[in-house]
1. Quick check of the Kirkwood formula: for the chain, what is the inverse mean of 1/r over all pairs of different Cα atoms, in Å?
2. What lysines sit close enough to residue 58 to cross-link, taking a C-alpha to C-alpha distance under 18 Å and skipping anything fewer than 8 places away on the same chain?
3. For the range 133-193, with all protein chains present and a 1.4 Å probe, just round the carbon and sulfur fraction of the accessible area to a whole percent.
4. Which lysines have a Cα lying under 26 Å from the Cα of residue 170, excluding residues fewer than 8 positions away in the same chain?
5. Compactness ratio of the range 13-59: Cα Rg over 2.2 N^0.38 Å, N = residue count?
6. Based on the Kirkwood radius over alpha-carbon pairs, what value in µm²/s does the Stokes-Einstein equation return for the translational diffusion coefficient of the range 128-224 at 37 °C and 0.692 mPa s?
7. Mind checking which of 43, 71, 53 is farthest towards the positive end of the range 8-96's charge dipole, using Cβ charges of +1 (Lys, Arg) and -1 (Asp, Glu) about the Cα centre?
8. If I take R0 = 45 Å and measure r between the Cβ atoms of residue 148 and residue 51 in this structure, what FRET efficiency does the formula 1/(1 + (r/R0)^6) give, to the nearest 0.05?
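The values are calculated or read from the model by the stated rules, or taken from the named source; none is laboratory data. Keep in mind that what you see is a predicted model, and the values were worked out from it rather than measured. Every residue, glycine among them, receives a Cβ derived from its backbone with ideal geometry; neighbour counts consider all protein chains shown. We work out accessible area using only protein heavy atoms, side chains counted, and drop any ligands, DNA or RNA first. Shrake-Rupley method; radii C 1.70, N 1.55, O 1.52, S 1.80 Å.
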Amino acid sequence: MERLQKYLSECGVASRRKCEEIILNKKVKVNGKIIDELGHKVSDSDYITVNDIEVKKKEKEYYILYKPEKVICSVKDEKNRTTVIDYINTNEKIFPIGRLDYDTSGLLLLTNDGELANMLTHPSHKVEKKYLAKIDGIINLKDIYMLENGIVLDGIKTKKAKAKIQKIDKKNKKSFVELTITEGRNHQVKNMFGALGYKVLKLKRTNYDFLTLKNLSIGQSRKLTIKEIKKLYNNAKEKSF
């Protein structure tokens, strides 16, 4: 027996937190009865539906994608624009872990494993994401120090980060900065630079924990290996303490 929200996330419905919302919104039935409490437990023998459509546990799939710019980081788009799902060849109902902005490229993970998605996106697990930002202006060491020690965004200070100047283009007054964060706030990297007066001209996520874009071209994807999946699980558990 396991909690309903965990069961739904393992069926690939959504992340566990999103599944909790679905339950509270009375969209889930167990054996024909609406369940709107998060403590309800189920087993594989129960008949479970979401919006009256049966859900069952399926084989879990895990992908890494080199997301191009101008691609929607969503399962579907109301305007019929290209989404990250269009780049994955699978019949399973997968979803992206976290988000990358429309104009941001780089490493994105996709899966139908809601448990792993929840672990990797929850701030308490401190999973590192590394970005390379091209910004307008010549950044100084004082601002690098501020990026590392926290920027106040919407009244809340960001967690400690790692920042490193990769290149300074004095002629065109541009800087290339590597920034590693463990959070996933909306537009966080852009807003951190913006709070210091820098506009991000180009942004790419280069690393997600130990994973990199090695051997992937823009728009290409591949399945994660069993070893990589286990390492993601183990790292997330270790970093939560």
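1. On the way: mean 1/r = 0.0515 Å⁻¹.
Computed over Cα pairs of the chain, the Kirkwood hydrodynamic radius comes out at 19.4 Å.
2. Here the lysines satisfying the reach criterion relative to residue 58 are 6, 93, 223.
3. Details: 1870 of 3660 Å².
Ligands and nucleic acids excluded, carbon and sulfur reach 51 percent.
4. Within the straight-line limit of under 26 Å, residue 170 reaches these lysines: 130, 134, 142, 162, 190, 199, 202, 204.
5. Details: Rg = 9.9 Å, N = 47, 2.2 N^0.38 = 9.5 Å.
Relative to the rule-of-thumb radius for its length, the range 13-59 sits at 1.05.
6. On the way: Rh = 14.1 Å.
Translational D for this selection: 233 µm²/s.
7. 71
8. Numbers: r = 45 Å, r/R0 = 1.00.
Efficiency, rounded to the nearest 0.05: 0.50.
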